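In what follows, a single structure is set out as structure tokens and then discussed.
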Amino acid sequence: MDRDVTTRSTPYSFQEIVEEERKLLRELRQGGPPRAGQDGSSHDQDEFLGLSFSGGGIRSATFNLGVLQALSELRLLKEFDYLSTVSGGGYIGSWLSAWIHRAGVDTVQEQLSFRDHPDVEPKEVTFLRSYSNYLTPRTGIFSTDTLAALATYLRNLILNLSIVLLCLTVVLLLPRLFAWAGKLLHDWPNALLACAALGLTVAVFFINLNLASQLPYSQSNRDKRALGAKWKAPWYARRTAVVAWIVLPLTLGAMALSLWLAGPAPSLSQALLTPDWPTLRHDLVIIGVMTAAIGFIWFFALKIARVWREPGDRPTWRWRLGALVIGVLLGLVALVVFQQLMPPRTVPGPPSQVEPLRLWWATVCGLSGCG
């Protein structure tokens, strides 16, 4: 339908475009512009109907053809104002749009009605059935279309498998890269230990910061209750920050600690279980420093998250201190077990003389895991 096009200096708003579209749809329904005394405004926002055809190849197109025939028999096809299609639904949707454009919706509705024409099928439907095999129109094993489809399938299969295999190759090369880094840094155990401590400290700090922000009286939760839908999570709780400041430092720190334990590091079991008082005092000082460091990190995280203590709350510092000590002790035990399960750096005698302890540790861990 031809409409007068007027120019204006200001752009149209979305609401104006919607109203103009609805006015045009009403004119198409009524067969012309509104009569004198009638306005084209709408009082019912749900007066327009849409028909959607889903995807699924030729099966979807066949099913949607049956839907169109049923709607035509019920005289409901012309009641729809919008048509939305995708994939196989687009095949039948474009066919329907072209037919309506050439013959009009009334003719299409009459021709598609199987009740009105039970013995005669419209030529448009016959054409659709004849060319439904649109991927390979010329049938036959050795036809050009079949060979082209086979070549296209093999090309895409080889390309996709090549990408997947290259990605898997990169993943399988990571352990070799890790072993090469361990051999390169074998003579710098202090640097490995410093990197491990730095990475684990950063990861533990941001873990505690995220945990503190989840407490009921943290600044983040107070803002969430006050702002509602406008609330945004703090920067350190977002996905990118979690990956950059927790996952990555934790992974690098664990790798550095593993390389340090596998290198010329002192035996942790001998260092912790020695009866020598100076050595034992040194170990206790290290445990105390680690506990104090973790406690300071938690305290600092509470300050950054601005956690308020409500009146009447019971003190929890005893539980926190006990949890810190137990956590440090469990971490040291895990390191001892991990170091004992590692292959020996030197094998001075037959395997029967060097493997019993490692076999014992493996048995203990296996029984613990089963329990």
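Structure notes:
- Rolling a 1.4 Å probe over the protein heavy atoms leaves LYS78 with an accessible area of roughly 90 Å².
- Heavy atoms of ARG155 accessible to a 1.4 Å probe, total area in Å² rounded to 10: 130 Å²
- Checking the cross-link pairs LYS232/LYS303; LYS230/LYS303; LYS183/LYS303 against a 31 Å limit on the alpha carbon distance flags LYS183/LYS303 as lying beyond it.
- Amide H contacts under 5 Å for PHE53: SER84, THR85, VAL86, restricted to partners 5 or more places along the chain or on a different chain, H placed in the peptide plane at 1.01 Å from N.
- Reach of LYS78 by Cα under 24 Å, taken over lysines that are not fewer than 8 positions away in the same chain: LYS23, LYS123
- Annotation: CYS195 carries an accessible surface of approximately 80 Å², with a 1.4 Å probe and no ligand, DNA or RNA atoms counted.
The values are calculated or read from the model by the stated rules, or taken from the named source; none is laboratory data. Predicted model, so just to flag it, every value in this text is computed and none were measured. Protein only, heavy atoms only, side chains kept; ligands, DNA and RNA dropped before computing areas. Shrake-Rupley method; radii C 1.70, N 1.55, O 1.52, S 1.80 Å.
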